[in-house]
Amino acid sequence: MDEKDFALLHVLKECGNITHAADRLYLTQSALSKRIKAIERELGCDIVLRTRKGVRFTPAGELALAHTAQAAHELELLRRELDAAQDTICGTLNAGFALNYSFMHLPQLLTEYHRRYPQVQLNIVTAKSRDLHAILQRNELDVAVLRGEFPWDGMQYLLSQERICAVCTHENEHTPLSELTYINHTTDIAHTALMTRWLHENNLAQTASRINVSDLMTCQELVKRGIGWALLPEVVLAGFDGCVRPCTFSNGEPFIRRMYIDCQKEAEQLPQVQALVDLIKEQYAHRSNAGVIGTAVSPATALSDLP
């Protein structure tokens with residue numbers, strides 16, 4: 001057996017069907033069936049049973065799956081350690097990025113990373129932070145840029161503390177927020193709770209007119225079109241031409257959301273991972289030095305009333 005056979009068995013397990021597995025592996029059904037028979041001859045036992053509903057792995061087949069997964073993992077670790085021993089930064093990098101960071105910064109980041117380290121194979125995932133955290137926990141990513149608070153026992157670097165801002169168009173800035181449509185966006189539970197707290201403290205939780213959208217960029221676009229106002233993080237406001245005021249809570253605490261770089265313990269020392277983390281820090285520091293939105297202030301009924 002070899003690595004192709006390891007992959008074949010796990011694709012077959014995922015699909016549970018010869019036809020679907022053959023399609024995933026770009027093989028004919030006949031070729032896949034022959035390879036399964038060859039593996040069974042090599043192992044000296046049946047590893048799958050064919051049924052009307054597809055295929056099922058025998059107990060011996062389940063054992064083979066467990067050992068081949070471990071073997072594939074050990075081979076990957078071997079390659080990474082060998083890559084780390086080379087003078088040239090190379091190898092494979094599995095990285096994930098929160099959607100909002102991806103939209104604003106990922107193309108520039110990957111362009112520069114590839115320019116500096118062209119021999120690194122990049123496998124990039126973009127998703128909501130809560131989904132990236134789940135993928136990271138399954139050990140399917142080496143490193144991820146996440147927004148929000150998620151438990152993590154590997155390396156964690158605080159990249160930024162973004163201020164949350166009340167925003168609207170200049171045409172709406174003199175209108176009390178309670179008279180404008182509040183445009184809400186879907187986010188994780190912890191941040192939703194903070195948004196709800198801020199709204200309650202400012203008597204805006206019961207706003208009659210409300211629109212709910214699933215992402216920040218749609219939310220921002222509706223604000224730009226004068227539909228209403230929203231609570232948005234600085235990360236999406238670089239090109240926003242409107243009224244922007246950072247928010248604070250009633251106790252004077254600034255309303256912020258943190259962004260982290262989370263990294264697997266075993267991947268932290270890999271040169272290609274270190275290079276990505278360093279580049280993210282470098283580019284973020286450059287953006288921060290270029291200028292940020294003004295000092296956080298307490299919100300009022302109308303954005304125009306803010307200091």
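The values are calculated or read from the model by the stated rules, or taken from the named source; none is laboratory data. It should be emphasised that the depicted structure is a prediction, and the values quoted were computed from it without experimental measurement. With ideal geometry, Cβ positions are generated from the backbone for all residues, glycine too; neighbour counts draw on all protein chains shown. Just the protein is used for accessible areas: all its heavy atoms, side chains included, with ligands, DNA and RNA removed. Shrake-Rupley method; radii C 1.70, N 1.55, O 1.52, S 1.80 Å.
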Quiz item: Quick one: what pairs do we get from segment 168-183, first residue within 18 Å of Thr196 (Cα to Cα), second open to solvent by 70 Å² or more (accessible area, probe 1.4 Å) and not in a helix (DSSP H, G or I), C-beta under 6 Å, 6+ apart or different chains?
Solution: Thr181/Ile227; Tyr182/Arg210
Quiz item: Among the helices (runs of 4 or more DSSP H) contained in segment 1-45, which hold 3 or more residues that are in contact with a Pro (Cβ under 8 Å, 6 or more places away or on another chain)?
Solution: none
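Every residue, every condition in (1) over 20 Å from Ala127 (Cβ atoms); (2) at pLDDT 95 or above; (3) crowded, with 19+ Cβ neighbours inside 10 Å; (4) within 28 Å of the chain's Cα centre (by Cα), yes or no:
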site: Val143; (1), (2), (3), (4): no, yes, yes, yes
site: Leu180; (1), (2), (3), (4): yes, no, yes, no
site: Ala193; (1), (2), (3), (4): yes, no, no, yes
site: Thr196; (1), (2), (3), (4): yes, no, no, yes
site: Gln206; (1), (2), (3), (4): yes, no, no, no
site: Glu221; (1), (2), (3), (4): yes, no, no, yes
Practice problem: Restricting attention to segment 227-247, report how many residues are farther than 21 Å from Asp188 by Cβ and surrounded by 15 or more Cβ atoms within 10 Å (Cβ to Cβ). | Solution: 8
Quiz item: Which of the residues that make up segment 260-286 are modelled with pLDDT of 90 or more and either of a type in the set (Ser, Thr, Tyr) or in a strand (DSSP E or B) (or both)?
Solution: Tyr260, Ile261, Asp262, Cys263
Quiz item: When both residues are 6+ apart or on different chains and their Cβ atoms are under 8 Å apart, which pairs have a first residue that lies in segment 49-67 and is outside any helix (DSSP H, G or I), and a second that is among the aromatic types (Phe, Trp, Tyr)?
Solution: Leu49/Phe57
Exercise. Just give me the residues in segment 81-128 being of a type in the set (Gly, Ala, Ser) and within 17 Å of the chain's Cα centre (by Cα), in sequence order.
Key: Ala95, Gly96, Ala98, Ser102, Ala127
